[in-house]
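A.B. asks: My structure is below; once you've seen it, I'll send some questions.
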Amino acid sequence: MKWEGNRQSDNVEDYRGDGDGGGGGGGGGFGLGGRSVGIGTIVLALIGSYVFGVNPMTLLSMLSGGGGGAVAPLQQGPAQPTPANDRQAAFVRTVLADTEDTWTELFQEQGRTYKMPKLDLFSGVIPTACGTGQSATGPFYCPADQKVYIDLDFYRLMQERFHVDGEFAQAYVIAHEVGHHVQNQLGITAKVDAARRNASESQANAMSVRVELQADCLAGVWAFHANKARSIIEQGDVEGALKAATAIGDDTLQQQGRGYVVPDSFTHGTSAQRVRWFSKGLETGMVKQCDTFAARQL
């Protein structure tokens, strides 16, 4: 992926080192009740949270021999300056800037104003307006504070656990979370949340799938326009992103986790669905093609 030399966003806040509840960096571990939880344990909790719908903090406590007690309230200090030679942080800033430029232009074409999200880098855990954010859940977006949260160790997990590598695949992850911000800006998030309140568990899960697949499609829309404007995509990049989408499908994760799948429990979509909707956005570059809620077949 071609990104070096492009504009970097000023909307990235670096809280790495604050996520252990008071001193010390992340370093690949996860602070929990005074014990260090390794990457392997975090991977199991990540898969378990997808498969069983269990809070990953509960799984982490069980896997590390804890009793499932409450995590102490977090105190978040000020954001830290990022070292000038931090390549990963520079990459994140550049990708976020690219999404800002793309969505600002697309919103303007529709007579709208795009409010740019913040992106917080963290390690371990972080307080958010949606509750305590945890590395084990992977990157996420909080509509209450309009922020994207990423622990950069997730990219190492992608490589080690899912054998997914490449910067464009990493950019897809950021673009997907920004896609949730776009949904929030368009009022889709509020409508879905209201509908979920009166829905059964299986119905709510089905709505979640459409939300996630739409975010995949919006990530593809970003990639289409970013490549058209700045020629960021290189040979093999698209294949890497599609491999990432395949690796995090509900069916793939459930099959790996327990050997069978339960479609009614899907919340993100199958591997094939995630690939299909990301590809649709990438091929068309049209937001109107991302209406998963009107689609009869996902």
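A.B. asks: Assuming a ≥ b ≥ c are the square roots of the Cα gyration tensor eigenvalues, decide whether segment 148-298 counts as rounded (a/c under 1.5), prolate (otherwise, with a/b larger than b/c) or oblate. Don't skip to the answer; put the middle values down first.
C.D. replies: Values: a/c = 1.76, a/b = 1.18, b/c = 1.50.
It comes out oblate by the Cα gyration axes.
A.B. asks: Extending each Cα 7 Å along its Cβ direction at Asp264 and Ser200, get the distance between those two points in nm, one decimal.
C.D. replies: Taking the simple label geometry, Asp264 and Ser200 are separated by 0.6 nm.
A.B. asks: Determine which lysines satisfy two conditions relative to Lys228: a Cα distance under 24 Å, and not lying fewer than 8 residues away in the same chain.
C.D. replies: Partners within reach: Lys2, Lys115, Lys243, Lys280, Lys288.
A.B. asks: What is the calculated FRET efficiency for Gln297 to Asn85, with r their C-beta to C-beta distance and R₀ = 35 Å, to the nearest 0.05? Please list the in-between numbers first.
C.D. replies: Values: r = 48 Å, r/R0 = 1.38.
E between Gln297 and Asn85, to the nearest 0.05, is 0.15.
A.B. asks: Give the peptides 264-277, 3-16, 195-208, 174-187 in descending order of average Cβ contacts within 10 Å, highest first. Write out the running numbers ahead of the final one.
C.D. replies: Details: 264-277: 20.0, 3-16: 16.4, 195-208: 13.7, 174-187: 22.4.
Ranked by mean Cβ neighbours within 10 Å, highest first: 174-187, 264-277, 3-16, 195-208.
A.B. asks: Same structure, new question: Could you work out how far apart the two model spin labels at Gln255 and Glu4 are, taking each label as a point 7 Å from the Cα in the direction of the beta carbon, and quote it in nm?
C.D. replies: It is 3.8 nm.
A.B. asks: From the square roots a ≥ b ≥ c of the eigenvalues of the alpha-carbon gyration tensor of segment 77-184, which class results: rounded (a/c under 1.5), prolate (a/b over b/c), or oblate? Could you put the intermediate results ahead of the total?
C.D. replies: On the way: a/c = 1.58, a/b = 1.33, b/c = 1.19.
The shape class here is prolate.
A.B. asks: Next question, about the same structure. Using a Förster distance of 25 Å, how high is the FRET efficiency between Leu186 and Glu13, based on the Cβ-Cβ distance and rounded to 0.05? Don't jump to the answer; show the numbers that get you there.
C.D. replies: On the way: r = 24 Å, r/R0 = 0.98.
Once the sixth-power term is evaluated, E becomes 0.55.
A.B. asks: Can you work out the FRET efficiency for the pair Ala129 and Gln235, with r the C-beta to C-beta distance and R0 = 51 Å, to the nearest 0.05?
C.D. replies: Values: r = 41 Å, r/R0 = 0.80.
Using R0 = 51 Å, I get an efficiency of 0.80.
A.B. asks: Right, here's the next one. Give me the net charge of Tyr114's neighbourhood, meaning all other residues with Cβ under 12 Å from the Cβ of Tyr114; Lys, Arg count +1, Asp, Glu -1. If you can, show how the numbers build up before the last one.
C.D. replies: Numbers: positive: Arg112, Lys115; negative: Glu100, Asp101, Glu105, Glu109.
Its environment carries a net charge of -2.
A.B. asks: Convert each backbone phi in segment 287-297 into a coupling constant with the Karplus relation 6.51 cos²θ - 1.76 cosθ + 1.60 (shift: θ = phi - 60°), then list the ³J(HN,Hα) values in order as whole Hz, x for Gly and Pro.
C.D. replies: Result, ordered by residue: 4, 5, 7, 9, 7, 5, 6, 8, 6, 6, 10 Hz.
A.B. asks: How far apart, in nanometres, would the label points at Gln110 and Gln289 be if each is projected 7 angstrom from Cα along the Cα-to-Cβ direction?
C.D. replies: 1.6
Coordinate-derived values only; no laboratory data. Everything numeric in this text was worked out from a predicted model, so none of it was measured. Methodologically, a virtual Cβ is constructed for each residue, glycine included, from the backbone with ideal geometry; neighbour enumeration extends over all protein chains shown.
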